[in-house]
Amino acid sequence: MGIIIALLVLSVLIFFHELGHFAAARFFGVRVDVFSIGFGKKLFTKTIGDTQWSLSAIPLGGYVKMKGQDDSDPTKISYDEDSYNVKKPWQRIVILLAGPFANFLLAFILYFIIANLGVPKLLPYVGSVNAESPAFTAGVQKDDKLIQINGVNIQYWENIGQHINDAPADITLIVERKQVLVTLQLTPKVIEDQNIFGEKITRRIIGISPSGEQTTVYFGLIDGLDYAWEETKKASWLIVQSVQKLITGVVSTDKLGGIITIVDVTAEASSAGLLALFFFTALISVNLGVLNLLPIPALDGGHIMFNLYEMITGKTASDKVMMYITMVGWALLISLMLLGLYNDINRLIG
């Protein structure tokens, strides 16, 4: 059941991406010949207007085939009025951007839904105090509720670490203990740690752990929109950083996951509940949006680069150059997909 849900999630993400391209293309009067979810043999087709809507056998992607635009052969062009080729470069760029934008929009919508379904947050109650830690020395006790750090109110446990790290030196901690406010002074301990990319970092700790007591926060309309915006930005920046770390070699290529990993993790998220599934789907949607903006010729970002070149120089690249760059782009893209698949198989064997 989890695998079926995972494939449905992927299909929805692909549908939204291609729907973005489709809507922008039709807005500018470009004929769309095919709108396909999946590749390979067509299992279901229905022609509406000039467009053949298809569901294909391999649900691991999709495409919108516009008149005059063919990734498999960039020399196949058309100069009819309803062709992609005759549109101005900026119009083509808008059409290309519309796909990734649709993914960011979908993530925003999912985060807004999450905000109104209720986001679980840990309350700032101390569950344990490490022996000989700054908190232990200062007198922090189990079941204390953290109220303030250096005059800043603490609502949830997630706020604590950042305020401790941002503090210039010593910190003043106000805790609530048996309905009495207690003020404590302590000096955080600096430790060496690793961030999510495995890079060495230093951070300040005081040596406490949460009790696990939590609440559910419902954001409403205005706060929900703000939450969705912030979460979409955070997710986008996380994916951008991940790509950057992969390119610079900070993150090893054996950490790259393929379609098997995506399906597996999506299936696990679905078994953890609707909220977890929505969180992961939003992250994958952002991932799809960011990766499609990479300047690889087979992706939207590569086509955008071609059109920017035309806008700047006033001329298009030659058919020979276009064909060569497109072939290189496809080779790079297929290589990355095969590497991801190889890593997936290794993890399964391991």
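Taking the conditions exactly as written (assigned by TED's automatic domain parsing to the domain that holds Lys245 and of a type in the set (Phe, Trp, Tyr)), does Phe136 satisfy them or not? Answer is no for this residue.
Screening the candidates Ile37, Ile14 for the property of being within 11 Å of Pro59 (Cα to Cα) and in contact (Cβ under 8 Å) with a residue 40 or more places away in the chain yields one hit, Ile14. The combined condition, being under 30 Å from Leu294 (Cβ atoms) and in the same structural domain as Tyr342 (by TED's automatic domain parsing), is not fulfilled by Ile196.
Being out of contact with any Asp or Glu (no Cβ under 9 Å at 6 or more places or on another chain), under 27 Å from Leu291 (Cβ atoms) and touching a residue at least 24 places away in the same chain (Cβ under 8 Å) is a property that does not hold for Ala269. Comparison of Gly314, Gly289, Gly302 shows that the only residue that is closer than 15 Å to Ile109 by Cα and not β-branched (Val, Ile, Thr) is Gly289. Name every residue in the range 77-93 that is of a type in the set (Gly, Ala, Ser) and either out of contact with any helix residue (DSSP H, G or I) (no Cβ under 8 Å at 6 or more places or on another chain) or outside any loop (DSSP other than H, G, I, E, B) (or both), in order of residue number. The answer is Ser83, and nothing else.
Residue-by-condition table, conditions (1) part of a strand (DSSP E or B); (2) of a type outside the set (Lys, Arg):
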residue	(1), (2)
His21	no, yes
Val34	yes, yes
Gly38	yes, yes
Lys46	yes, no
Leu55	yes, yes
Ile58	yes, yes
Gly62	yes, yes
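When the strands (runs of 3 or more DSSP E) confined to the range 94-204 are screened for residues that are farther than 30 Å from Leu225 by Cα and among the small types (Gly, Ala, Ser), those reaching at least 2 such residues are found at 126-129. Which condition number does Leu341 fail, the rest of (1) at pLDDT below 70; (2) over 15 Å from Gln69 (Cβ atoms) being met? With (1) at pLDDT below 70; (2) over 15 Å from Gln69 (Cβ atoms) applied to Leu341, the lone miss is (1). For Gly68, the conditions (1) part of a strand (DSSP E or B); (2) at positive phi; (3) buried (at least 16 other Cβ atoms within 10 Å of the Cβ) all hold with the exception of (1). Within the range 274-332, the set of residues being within 25 Å of the chain's Cα centre (by Cα) and either of a type in the set (Phe, Trp, Tyr) or at positive phi (or both) comprises Phe278, Phe279, Phe280, Trp330. Looking only at residues of the range 46-87 that are in contact with an Asp or Glu (Cβ under 7 Å, 6 or more places away or on another chain) and among the basic types (Lys, Arg), we find that the one that is modelled with the lowest pLDDT is Lys76.
Which one of Ile164, Ile201 is touching a residue at least 24 places away in the same chain (Cβ under 8 Å) and touching a strand residue (DSSP E or B) at 6+ places or on another chain (Cβ under 7 Å)?
Ile164
The values are calculated or read from the model by the stated rules, or taken from the named source; none is laboratory data. Source: prediction; values computed, not measured. Cβ: placed from backbone, ideal geometry, glycine included. Neighbour counts: every protein chain shown.
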